[in-house]
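Novice: The structure's right below; bear with me while I get my questions together.
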Amino acid sequence: MAVGIRIKLAGVDAEQFDKGGGCDQSARRSPDGLIFHASGPIDGGWGVLDFWESRSQFDSFAAGRIGPGVRAAGVTAEPEIHEFPVHEYLSR
């Protein structure tokens with residue numbers, strides 16, 4: 001079942017997000033299981049909204065890339081992650 005993931009990175013700006021590998025501009029490849037990704041500035045930091053085929057695929061990505069990426073960018077606050085079930089989604 002698809003899941004939505006909302007992430008808040010407190011105190012993070014675009015430069016830190018990009019430095020942490022938040023958006024791999026060089027490869028432009030989506031990780032396995034990613035349906036949709038968007039990010040941008042929010043009050044107090046940076047927000048991410050993702051849709052994944054499963055929570056386990058997100059967890060694998062988070063362990064391998066989000067955690068190391070935020071540490072590499074010098075971010076000390078833990079990401080606030082909220083999961084919600086996806087009732088439906090449309091794509092082109």
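The values are calculated or read from the model by the stated rules, or taken from the named source; none is laboratory data. Note that this is a predicted model, so its numbers are computed, not measured. A quick note on method: Cβ atoms are made from the backbone with ideal geometry, for glycine too, and the neighbour counts reach across all protein chains shown. Note: areas computed on protein heavy atoms with side chains; ligands, DNA, RNA excluded. Shrake-Rupley method; radii C 1.70, N 1.55, O 1.52, S 1.80 Å.
Novice: Has segment 58-72 got at least one residue that is hydroxyl-bearing (Ser, Thr, Tyr) and under 11 Å from the mean Cα position of the chain (by Cα)?
Specialist: Within segment 58-72, the first condition is being hydroxyl-bearing (Ser, Thr, Tyr), and the residues that meet it are 60.
Cutting the leftovers down to under 11 Å from the mean Cα position of the chain (by Cα) gives us none.
Scanning segment 58-72, I find no residue that is hydroxyl-bearing (Ser, Thr, Tyr) and under 11 Å from the mean Cα position of the chain (by Cα), so the answer is no.
Novice: Could you list, in sequence order, all residues of segment 72-92 that are without any contact (Cβ under 8 Å) to a residue 60 or more places away in the chain and either β-branched (Val, Ile, Thr) or farther than 21 Å from residue 30 by Cα (or both)? Full working, then the answer.
Specialist: As a first pass, look at segment 72-92 and keep what is without any contact (Cβ under 8 Å) to a residue 60 or more places away in the chain: 72, 74, 76, 78, 87-88, 90-92.
Residues satisfying the conditions are 74, 76, 78, 87.
Novice: Let me ask you something else. If you scan segment 46-58, which residues turn out to be open to solvent by less than 70 Å² (accessible area, probe 1.4 Å), over 19 Å from residue 29 (Cβ atoms) and either without any contact (Cβ under 8 Å) to a residue 40 or more places away in the chain or aromatic (Phe, Trp, Tyr) (or both)?
Specialist: 46
Novice: Among the residues of segment 34-45, write down those that are more than 16 Å from residue 87 (Cα to Cα), touching a strand residue (DSSP E or B) at 6+ places or on another chain (Cβ under 6 Å) and open to solvent by 50 Å² or more (accessible area, probe 1.4 Å).
Specialist: 37, 39, 44, listed by residue number.
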